[in-house]
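Asks: Provided herewith is a single structure, encoded as structure tokens, for subsequent inquiry.
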Amino acid sequence: MVEDWIWIEDGKWKMVIGSSSETPASHAGRSIREAAGADGERLRVGLPLHALAGVVIGNDPATGMAAKLLLSLGVNVLHVSREASQATFPPSLEGDYLSSFLFRGMESIVVGAAPDRALSAIGAADIILHSDADADFLGLVPDQLIERGAIIAQATPWGERGPRWAEPSSELIVQAAGGLVYLLGKPGRPPIMLGGHQAAYSTGMQLFTGIMIALTERDRSGVGQFVRTSYFETVAFLEWKGGTFYQADGVILERGRSTGPLILPTKDGHVAFYYRDIDWPRVVELFDNDQLRNPKFDTIRGRIAHEPELTAILEEHTRKAAKHELYRAAQSLGIPIGSVETIRDLLDSKQYAAQHFLEACDPADGDGCTQPSLPFTFNSRRFNSSDVGTTSFGRDLAGVQK
């Protein structure tokens, strides 16, 4: 049987193509460098972190996202929860879509049903992910685990100390507390939050980044690490603009004022219209409206002072155009606008298809859905669920459903 393999020699990734029918030995519990060995023991292409075992404790969406990314790179992830999840494949009306998305492909166990196995998995794992609420789970002793080389990754709402550390939180609360909600919406109207679980997913990405850094350090020194981040910290990082403006000029940004593009209606949706001061002559060319040639619009200060009138002129044109037609016309002139895409637009996007940003799940898994693929490449390759080998926990979907 011909298979692609990846191996490590002198600390560098090498790719070879060979003919073999042997099954790679289990590498769980060792670093990639240790698993590779001095003679370049081979690991499957498609599973660059297959040497590692991980445990995600609880159902926090931030740690769940980090675990999902690790699973996509081949980490053998076990999901341990305090009580049975209602996640089903495909999700039923009574099921939990969030858990189905985050923990899909992982073997899940309930600690009450298998406490010894949960303890054994935690004790042997290379990576342990948990939230603040699960910090004392099963008598978790971080120092002892780190001493043997484990990487413990924790996501908390507010951080592990400070006056707010014990306060309750939610997606809305952390988006508001981090300053993001303040900038979203129209002037004079209540602010709005970003939909879905954006703070949680972004926190999971931050946590995953820290884990990868810790793995690199462990390969070098053999030392485990404690990686922490918080929702609050992540949202403050995402809303970098407000702090930067205030630090530079003492300016407090307000909704609808120099905080983002104009959202203009089109005949089939909307466009996010953004332009730089140097783009203004091309904006006038794009819309070809004599009203825009009025001297009061010649400077950025003048356009800000007369923004309602300017917006009305632009809308008069955009309402008659299709959003993708307007997008292409603006792009041809070098104006950085974007069309506001629907889910259908993204599913049909040739750019998304070319970059493999979406993956179609295996219909054999029960639903044949389409979902986002890994949001980065690893050695120029974008992995997805189909790359997870049959030896991982992740393909035992019958066990997951049970």
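Asks: Evaluate E = 1/(1 + (r/R0)^6) for R293 and I213, where r is the Cβ-Cβ distance and R0 equals 45 Å; express this FRET efficiency to the nearest 0.05.
Replies: Efficiency, rounded to the nearest 0.05: 0.25.
Asks: Multiply the residue gap between A354 and Y274 by 0.36 nm, knock off their C-alpha separation, and tell me the result in nm, one decimal place.
Replies: 26.2 nm
Asks: Turning to a different aspect of this structure: Report, in debye and to the nearest 20, how large the dipole of the range 262-336 comes out about its Cα centre when Lys and Arg carry +1 and Asp and Glu carry -1 on their Cβ.
Replies: 120 debye
Asks: Follow-up. Taking 0.36 nm per intervening residue step and subtracting the Cα-Cα distance, what contour gain separates S380 from L172 on full extension?
Replies: 71.3 nm
Asks: Amide H to amide H under 5 Å from Q225: which residues, 5+ apart in sequence or cross-chain, H placed 1.01 Å off N in plane?
Replies: I151, I152
Asks: For E147 and A113 in one chain, what is 0.36 nm times their gap in residues minus the Cα-Cα distance, to one decimal in nm?
Replies: Additional length available on full extension: 9.4 nm.
Asks: Related question: Could you list H356, H79 so that the one with the fewest beta carbons within 10 Å of its beta carbon is first and the one with the most is last?
Replies: Final ranking by Cβ density, sparse to dense: H356, H79.
Asks: Report the net charge of residues surrounding Y201, where surrounding means a beta-carbon distance below 13 angstrom and charges are Lys +1, Arg +1, Asp -1, Glu -1.
Replies: Value of the local net charge: -1.
Asks: Report, in listed order, any pair from K323/K350; K186/K350; K186/K267; K241/K350; K241/K267; K267/K350 with a Cα-Cα distance greater than 25 Å.
Replies: Distance filter (> 25 Å) returns K186/K350; K241/K350; K241/K267.
Asks: From the square roots a ≥ b ≥ c of the eigenvalues of the alpha-carbon gyration tensor of the range 110-254, which class results: rounded (a/c under 1.5), prolate (a/b over b/c), or oblate?
Replies: prolate
Asks: 5 Å is the cut-off here: which amide hydrogens, built 1.01 Å from N in the peptide plane, fall below it relative to N289, excluding neighbours closer than 5 in sequence?
Replies: none
Asks: Here's another thing I want to ask about it. Tally Lys and Arg at +1 and Asp and Glu at -1 over the other residues with C-beta under 10 Å from the C-beta of G224: what net charge comes out?
Replies: -2
Asks: Rank the residues F226, F383 as a footprinting-exposure proxy: fewest other Cβ atoms within 10 Å of their Cβ go first.
Replies: Neighbour counts put them in this order, fewest first: F226, F383.
Asks: Further question on the same structure: What ranking of T156, T209 emerges when the number of other C-beta atoms within 10 Å of each C-beta is taken as an exposure proxy, fewest first?
Replies: T209, T156
Asks: Apply the a/c threshold of 1.5 to the C-alpha gyration tensor of the range 262-336 and tell me whether it is rounded, prolate or oblate.
Replies: prolate
Values in this text are rule-based calculations from the coordinates and carry no lab data. None of these values were measured; they are calculated from a predicted model. Ideal geometry is used to build each Cβ from the backbone, glycine not excepted, and the neighbour counts take in all protein chains shown.
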